[in-house]
Amino acid sequence: MIEQTRYRKVFITGALGFVGRALMAGYRALDVETRGLDLRADPELEVLAGDVTQPEGWQAHLEGCDLVIHTAAIVTNNVARSEAWRVNVLGTRCALDAAARAGVQRFVHLSSLAAMRSVTEDGADERAPVMPTGNPYVDTKIASEHAVLAAHAAGEMQCTILRPADIYGPGSRPWTIVPVQMIKKDLFLLPAHGQGLFRALYIDDLVRGVMLAAEKEAALGQIIILGGEQAVPCERFFGYYCRMLGKGPPRTMSTTAAKVIAELVRALFTLLGKRTELGRGAMDMLAKKTTVSNAKAHQLLGWQPQVNLDEGMRRTEAWLREQGMLA
C-alpha cells in the first residue's frame, strides 16, 4: 500500500466487491473516511444499497468526497448485451455525472485489459488501437473508457483510467473462487493446450497501483495498464489450484475443441437456468499468448508488482483453507 494520501473522504462504487472491498481497506488503513455503493448495504462500512444507473438514490452520499473510484461493473463474458451496456457504460456515465454534481475533484475508473482483447501485438501499450469483438464485456469496457475520456476532455472531472490484468487472490471470483469450484467438479478446461498466457496480478499490487494513480498528477487524462507484463502459461497458473485440491494437472486441449465444449456446456447451463463462466469468451481470454507493457505505470506512477506468483498463491491458499473451500 502507499504510506500517505491527500484524500480525506473517498467514495467507491462496487464497494463490497472483490476490488472495492480491498480498496476500502487500503484507504481505511490510512485513516481516510470511506463511503460506497453496492447492490446491498453495509452500514458498518458506510455502504449504501443502490443502482449505479440511478444516482438520485445515493447522490447525497457523495457530498464532501474528494475522490471517486469506480469499480462497479458486470464482470462476466456470459451476459446479455443490454444489461452489460446498462451497468458498464450507462452506469459509468451516471457515476461521472453524480461525482461532478457533488464537486468531487478526481475520478479513477477501473477498466480491464479485456479492452485490448483484439490487440495481437506482443508487448502492446496503451497506444494500441482497440476495437469491439462482439463480446459484451469487452465491448462495454471499451465504451466505458470512452465515456470517462469524454468527461475529462470536456473539463467535467479530472479522470484516470486503469486497465488491470487478471486479478487473483483472496475473494477473487473469476480467478480464484470459480476456478476452484470448477476444478472440484471436473468442469475446468484450458484452450491452447494450456499454453495461453495468464497475466496474473495479485490484489494487493492492484490496490497499490490504484492508490498511486489517484495521487499522481501525471496520471490525469491517462489510460494506464497495471500488470500483465510477467505472464505465465495458464497451465502453470491454474495448476496451483489443482495441487491445492489434490488433483492432477488441468485438462487441456486445442482452442477449437475447447470452444466447442465450452459453448455446449454454456448452452446446457442456460437451459437449466444455471450460471456458468464457460463459453467462447472465456476460452478466447485463456488462449491469448501476448503480453502487455507496464512502462507507463513504471514511469508515471513508480509502480512495480511486489507479490510474486508463489507468494500470492501461498496467501490465496491460506484464505481458501480458512473458507473451507479446499476441504
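What to note about this one:
- Of all residues making up the stretch 253-290, the number that are under 15 Å from F188 (Cα atoms) and either of a type in the set (K, R) or in a loop (DSSP other than H, G, I, E, B) (or both): 10
- Residue in the stretch 174-196 that is aromatic (F, W, Y) and out of contact with any Gly (no Cβ under 7 Å at 6 or more places or on another chain) present: yes
- Hey, T5 in contact with a Gly (Cβ under 7 Å, 6 or more places away or on another chain) and part of a loop (DSSP other than H, G, I, E, B) or not: no
- Scanning the stretch 228-250 for any residue that is surrounded by fewer than 17 Cβ atoms within 10 Å (Cβ to Cβ), assigned to a loop (DSSP other than H, G, I, E, B) and touching a Gly at 6+ places or on another chain (Cβ under 7 Å) turns up at least one such residue.
- Here V130 fulfils each of the conditions (1) without any contact (Cβ under 8 Å) to a residue 24 or more places away in the chain; (2) within 30 Å of V307 (Cα to Cα); (3) out of contact with any helix residue (DSSP H, G or I) (no Cβ under 7 Å at 6 or more places or on another chain) apart from (3).
- Taking the stretch 169-193 as the range and being touching a strand residue (DSSP E or B) at 6+ places or on another chain (Cβ under 6 Å) and hydroxyl-bearing (S, T, Y) as the test, only T176 passes.
- Among the residues listed as L201, L206, L226, the single one being in contact with an Asp or Glu (Cβ under 7 Å, 6 or more places away or on another chain) and modelled with pLDDT of 95 or more: L201
- Among residues of the stretch 172-198 that are within 22 Å of L264 (Cα to Cα) and β-branched (V, I, T), those with a beta-carbon under 7 Å from a residue that is crowded, with 19+ Cβ neighbours inside 10 Å and at pLDDT 95 or above at least six positions away or on a different chain give the pairs V180/Y241; V180/L320; I183/Y241.
- Sole exception among (1) more than 21 Å from Y137 (Cβ to Cβ); (2) small (G, A, S); (3) surrounded by fewer than 21 Cβ atoms within 10 Å (Cβ to Cβ) for A267, by number: (1)
- Residues that are among the hydrophobic types (A, V, I, L, M, F, W, C) and either closer than 23 Å to D284 by Cβ or surrounded by fewer than 22 Cβ atoms within 10 Å (Cβ to Cβ) (or both) within the stretch 95-128 comprise A100, A102, L110, L113, A114, A115, M116, V119, A124, A128, listed in sequence order.
- Summed over the stretch 148-176, residues that are assigned to a helix (DSSP H, G or I) and either surrounded by fewer than 18 Cβ atoms within 10 Å (Cβ to Cβ) or within 18 Å of the chain's Cα centre (by Cα) (or both) total 8.
Residues are listed down the side, and each one gets a yes or a no for (1) of a type outside the set (V, I, T); (2) touching a residue at least 60 places away in the same chain (Cβ under 8 Å); (3) within 28 Å of I177 (Cβ to Cβ):
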{"position": "M1", "(1), (2), (3)": "yes, yes, yes"}
{"position": "F11", "(1), (2), (3)": "yes, yes, yes"}
{"position": "D38", "(1), (2), (3)": "yes, no, yes"}
{"position": "T53", "(1), (2), (3)": "no, no, yes"}
{"position": "S82", "(1), (2), (3)": "yes, no, yes"}
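- Of all residues assigned to the stretch 239-249, at least one qualifies as being among the charged types (D, E, K, R) and closer than 13 Å to F188 by Cα.
- Looking only at the stretch 201-224, and only at residues there that are β-branched (V, I, T) and more than 12 Å from the chain's Cα centre (by Cα), the one that is surrounded by the most Cβ atoms within 10 Å (Cβ to Cβ): I224
The values are calculated or read from the model by the stated rules, or taken from the named source; none is laboratory data. Only a predicted model underlies this, so the values are computations on that prediction, with no experimental measurement involved. Ideal geometry is used to build each Cβ from the backbone, glycine not excepted, and the neighbour counts take in all protein chains shown.
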